[in-house]
1. I want to confirm something. Restricting to the range 10-27 and keeping residues that are in contact with a Phe, Trp or Tyr (Cβ under 9 Å, 6 or more places away or on another chain) and of a type in the set (A, V, I, L, M), which single residue is farthest from Lys40 (Cα to Cα)?
2. Inside the range 32-47, can you point out the residues that are in a helix (DSSP H, G or I) and not hydroxyl-bearing (Ser, Thr, Tyr)?
3. Hey, can you tell me all the residues within the range 1-44 that are of a type in the set (Val, Ile, Thr) and either open to solvent by 70 Å² or more (accessible area, probe 1.4 Å) or farther than 19 Å from Ala60 by Cα (or both)?
Amino acid sequence: MNRALASIAAAAPAIAILGVFACLIGGGAMVARPQGDTKKCVLLLVMAVVLLGNVVIWIA
């Protein structure tokens, strides 16, 4: 693997964790809103869990 791909591969888990935090914050904000869309909220939270699982697999 060349240097550029190695550096991208090293940064991918950190970027994914930022995505997890963004999904959790977005889903939590939608839960807190009284007229929030429940389906979208649940999908955001499930996406955060799946993304976190992917990061755990990448690191292990």
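The values are calculated or read from the model by the stated rules, or taken from the named source; none is laboratory data. Please read all numbers here as calculations on a predicted model, not as lab measurements. Every residue, glycine among them, receives a Cβ derived from its backbone with ideal geometry; neighbour counts consider all protein chains shown. We work out accessible area using only protein heavy atoms, side chains counted, and drop any ligands, DNA or RNA first. Shrake-Rupley method; radii C 1.70, N 1.55, O 1.52, S 1.80 Å.
1. Ala12
2. Scanning the range 32-47 gives Ala32, Lys39, Lys40, Cys41, Val42, Leu43, Leu44, Leu45, Val46, Met47.
3. Ile8, Ile15, Ile25, Val31, Thr38, Val42 - these are the residues of the range 1-44 that are of a type in the set (Val, Ile, Thr) and either open to solvent by 70 Å² or more (accessible area, probe 1.4 Å) or farther than 19 Å from Ala60 by Cα (or both).
Table: residues versus (1) more than 15 Å from the chain's Cα centre (by Cα); (2) part of a helix (DSSP H, G or I); (3) aromatic (Phe, Trp, Tyr).
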| position | (1), (2), (3) |
| --- | --- |
| Ala9 | yes, yes, no |
| Ala12 | no, yes, no |
| Ile15 | no, yes, no |
| Gly19 | no, yes, no |
| Leu24 | no, yes, no |
| Met30 | yes, yes, no |
| Val49 | no, yes, no |
| Gly53 | no, yes, no |
| Trp58 | no, yes, yes |
